Amino acid sequence: MTPPADKPHIDALAELLDARGLNAEDFIQIVDILGALKKKESTNIEKKEREKDKGNKIFVDKEFVFETRDDCFIYRDGRTKTGNYYVRIYDADTKKVYSKSLRTRHRVNALVAAETLYREKKDKLMKGVKMVSITTNEMVELYLKRRSGELTHIPKTGITHKSYDRLKQQLKYWTLYIRFLKLEKVHIEKLSPDIGRDFGNWILNQPKQYYKETSRSRETINHIIASVKKMYRDIALEEKYITYNEFPKFKYLKVQPDNAPKRDVLNVEEYEELTKWMQNKYCREKGLSELEQVKRRVFALYFSIHYNIGARTKEVLGMRWSDITINPNDSAENKKRNRVIHIHAENSKTGKSRNIVAPIAEKLERIKKHYKKIGYEPEPNDFVFINLSKTKRGANIAYQTPALDKRLKSVLELSGLKERLDQDGRHITLYSARHFYCTQRLLNKVDMHTLSLNMGTSITYIETTYSHLTTLLMSEEITKGQGWRPKGIDDDI
């Protein structure tokens, strides 16, 4: 009988086991261990292959853009059906990733587009700048949304509704300027930093909608520029949409130093002439309805009160009857003529409350009498100057600046005073009352510290703005010792 072909191998294995002191049972145990290890290794290989296959479902046809760099590659997304290429850029320092569809299925076009994007985005990734780009209009919307969260009725504690409305108008100039340059669809990081240099001059040359007879204020334009710069700082820079190198360079307009009052004022004779005209003619014009007659009389009293308290227009229109009291420290006579007006913090520009003392008691009582003519009895919480329109009467709605400003223009024209003011180049507004008040109080030698408390402004502002009055105030001291004549000298020389 022929022996099996593998007998030599069996004999050799038996000798090997015997030499190692092992028997058949030991051999079977070793084989079982080796089989388990082999099975485990095979399972791990299959798992890695599956994970590799799974990863490839995203990064299909992966190819590095640069031979010497591994931080940028193109690929097809295996989860999509378009077959378009994508780019992936990675920064190891910041551990930030930027990926974007290249919108092409052509490999060469994808490589070119990826190289361009790498140059644009890699620097931003390294600096931590946002990869999302925004346009000018989007930046303005983001900024206004942020500032709207700071709205408050108390000045200096956030942004008041009036200041917010003014901010919207200021930023509107920037959006119009960008539209004028046809750059409204361009992302802000791609705008030239020099774009802001001509902004001020562009505004200066724009036609005015109001007060067309006067040129644009350079100070106002500079305020607009400052608001736009703040928007760029708070949104574009702070939120990292741009870097400092991309921040626009703005150029402020030159403003000639001028410490004269910022508003034109009436002189005493013009003020008295206008108040008499309103009292004797304007309020007594024939054919007026009772409502119109009351409106005119209340406006005439408003005009007189405003010129006698020196408050800001907003502060006057925000006065309520409960804010008006008698000063307990006044004499019996002064208690009849003077009243203390409390200006609340939320109604003050400075955000600080204050008291104003003025001889307006009789004028306030006359306002109440006129209101009674049309069946209105003021309540303590009512505004002093309410809107008298039939649709708004009784709703405690204060007059707004535009309505009174319109009536003031009418009064100036009808009285004939506007023609004379135009000849002098003077423009009178509601706010002129505050400058008239300050001028007259200084000429009557009221202490600047006391005046600053009454007006709610600083001594420095009064000194700077009304420095032109110094010579008039100090005339006695300046001319002291002048005008004497030595003996023997005639007047006629």
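Values quoted throughout were computed directly from the atomic coordinates according to the rules given, and no laboratory measurement underlies them. Quantities reported herein were computed from a predicted structural model and do not represent experimental measurements. No Cβ is skipped: glycine too gets one built from the backbone with ideal geometry, and neighbour counts run over all protein chains shown.
Between ALA403 and THR391, the modelled label-to-label distance comes to 1.1 nm, taking each label 7 Å out from Cα in the direction of the beta carbon. Which of the chymotrypsin sites (Phe, Trp or Tyr not before Pro) across region 175-217 are loop residues per DSSP, with 12 or fewer other Cβ within 10 Å? Here the sparse-neighbourhood loop sites are TYR210, TYR211.
Taking the Cβ-Cβ separation of GLU365 and THR82 as r and a Förster radius of 56 Å, what is the calculated FRET efficiency to the nearest 0.05?
Details: r = 82 Å, r/R0 = 1.46.
Result of the calculation: an efficiency of 0.10.
In this structure, the amide hydrogen of PHE59, modeled 1.01 Å from its nitrogen in the peptide plane, lies closer than 5 angstrom to those of GLY78, counting only residues at least 5 positions away or on a different chain.
Go ahead and run the numbers for FRET between SER133 and VAL60, Cβ-Cβ distance against an R0 of 30 Å, rounding to 0.05. Numbers along the way, then the final one.
On the way: r = 28 Å, r/R0 = 0.93.
After rounding to 0.05, the efficiency reads 0.60.
Rounded to the nearest whole Hz, the Karplus-based 3J(HN,Hα) values (6.51 cos²θ - 1.76 cosθ + 1.60, θ = phi - 60°) of region 393-399 follow the sequence 5, x, 9, 6, 9, 6, 4, with x at glycine and proline. What the phi angles of region 412-419 give under the Karplus curve with 6.51, -1.76 and 1.60, with θ = phi - 60°, is a coupling list of 5, 6, 5, 6, x, 6, 4, 4 Hz, glycine and proline written as x. Here's how it looks for PHE73: its modeled amide H is under 5 Å from those of VAL65, ARG88, which are all 5 or more places away or on a different chain. Could you tell me which trypsin sites (Lys or Arg not before Pro) in region 163-223 are loop residues by DSSP with no more than 16 other beta carbons within 10 angstrom of their beta carbon? Qualifying residues, ordered by number: LYS182, LYS185, ARG197, LYS208, LYS212, ARG216.
Please arrange VAL294, VAL340, VAL31 by counting, for each residue, the other beta carbons lying within 10 Å of its beta carbon, fewest first. Walk me through the numbers before you get to the answer.
Working: VAL294 21, VAL340 16, VAL31 10.
By the 10 Å Cβ count, ascending, the order reads VAL31, VAL340, VAL294.
Among the GluC sites (Glu not before Pro) within region 187-294, those in coil by DSSP and having at most 13 neighbouring Cβ atoms inside 10 Å are GLU213, GLU238, GLU285.
What FRET efficiency comes out for TYR90 versus ALA345 if R0 is 56 angstrom and r is the Cβ-Cβ distance? Round to the nearest 0.05. Provide the component values of the computation, followed by the final result.
Working: r = 54 Å, r/R0 = 0.97.
That pair, TYR90 with ALA345, gives E of 0.55.
Using 0.36 nm per residue, how much length does the chain from VAL186 to THR104 gain when fully extended, once their Cα-Cα distance is taken away? The partial results should precede the final answer.
Working: separation 82, 0.36 × 82 = 29.52 nm, distance 2.27 nm.
Here the answer is 27.2 nm.
Relative to the present Cα-Cα distance, how much length would full extension add between THR429 and ALA24 at 0.36 nm per residue of separation?
Between THR429 and ALA24, full extension yields 134.1 nm more.
Amide H to amide H distances under 5 Å link ARG320 with VAL384, where only residues 5 or more positions off or on other chains count and H is placed in the peptide plane. Compared with the alpha-carbon gap, the fully stretched path from GLU285 to THR325 is longer by 11.0 nm at 0.36 nm per residue.
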